[in-house]
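The values are calculated or read from the model by the stated rules, or taken from the named source; none is laboratory data. What you see is a predicted model, and the numbers here were worked out from it, not measured in a lab. Positions of Cβ are generated from backbone atoms using ideal geometry, with glycine treated the same way; all protein chains shown enter the neighbour counts. Calculation scope for accessible area: heavy atoms of the full protein, side chains included, ligands and nucleic acids excluded. Shrake-Rupley method; radii C 1.70, N 1.55, O 1.52, S 1.80 Å.
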Amino acid sequence: NAGVMQNPRHLVRRRGQEARLRCSPMKGHSHVYWYRQLPEEGLKFMVYLQKENIIDESGMPKERFSAEFPKEGPSILRIQQVVRGDSAAYFCASSPPFAPGITGNTIYFGEGSWLTVV
Amino acid sequence: DAKTTQPPSMDCAEGRAANLPCNHSTISGNEYVYWYRQIHSQGPQYIIHGLKNNETNEMASLIITEDRKSSTLILPHATLRDTAVYYCIVRVGGNYQLIWGAGTKLIIKP
């Protein structure tokens, strides 16, 4: 999937533990997005980040969830005190910078991280 | 809510062309039509996008009607590996939020 790297691919956590999901965007991409897909549902937008900035976190739950994209290193989606309802596939995507009306800023997705909370 | 309507499922014989329709009757003049697919347990894969003109790449062709209210994704020679859920999404070029509908589950049969 066009070079967006996510790890781990599968993660099992007990209720109350923390989950950390990592994402390295495609080479040359400075924008990162996180989406969540619950079983048998479509993808839902969570958060949009640029280096050291959260641009839009309107889709992210207000509690327990946080995301960062530091100057160096991958983007991290962190889920604290996981509950069974957090079990889902979490997809990271990346793109070049946007400009209104400009095509070619296609968003490319990684293979996903499957979180199972037991 | 998704601004597109797609049939929930379709079958196609291996080696034949798969034609996947999408209705987007409320599309605005500056919105692009994007197609992605998701093979089971994998991430969404970008296929193709277009604004007004028909588009073709190594994966597929996209036919957009003149009034832009509908489009068709064509996989010219479907293989078993093309079995996936196909999503049609309308999006302003600078809009980073992709709104995903239910898609079409395409099953390629031997």
Pairs, please: C-beta under 8 Å, at least 6 apart or cross-chain, first residue touching a residue at least 12 places away in the same chain (Cβ under 8 Å) and within 12 Å of another protein chain (Cβ to nearest Cβ) and in the range B:96-110, second assigned to a loop (DSSP other than H, G, I, E, B) and open to solvent by less than 20 Å² (accessible area, probe 1.4 Å)? B:L98/A:I107; B:W100/A:G42; B:G101/A:G42; B:A102/A:G42; B:G103/A:G42
Which of the residues spanning the range B:10-53 are under 20 Å from B:D82 (Cβ atoms), open to solvent by 70 Å² or more (accessible area, probe 1.4 Å) and away from chain A (no Cβ under 14 Å)? B:D11, B:E14, B:R16, B:N19
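Determine which member of the set B:V92, B:V85 is within 11 Å of another protein chain (Cβ to nearest Cβ), in contact with an Asp or Glu (Cβ under 8 Å, 6 or more places away or on another chain) and hydrophobic (A, V, I, L, M, F, W, C).
B:V92
For the range A:13-32, check the following and say yes or no: at least one residue is touching a residue at least 40 places away in the same chain (Cβ under 8 Å), among the β-branched types (V, I, T) and open to solvent by 80 Å² or more (accessible area, probe 1.4 Å).
Start the filter on the range A:13-32 by keeping residues that are touching a residue at least 40 places away in the same chain (Cβ under 8 Å), which leaves A:13-26, A:28-32.
Add one more test, that the residue is among the β-branched types (V, I, T), and what stays is A:32.
From what is left, the residues that are open to solvent by 80 Å² or more (accessible area, probe 1.4 Å) are none.
The answer is no; no qualifying residue exists.
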Determine if the range A:56-75 includes at least one residue that is free of Cβ contacts under 8 Å to residues at least 12 places away in the same chain and in a strand (DSSP E or B). yes
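If I ask for residues that are more than 16 Å from A:H31 (Cβ to Cβ) and not charged (D, E, K, R), which ones from the range A:61-72 would you list?
Scanning the range A:61-72 gives A:P61, A:F65, A:S66.
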Just name the residue that is farthest from A:A88 (Cα to Cα) out of those in the range A:33-51 that are modelled with pLDDT under 90 and open to solvent by 70 Å² or more (accessible area, probe 1.4 Å). A:K51
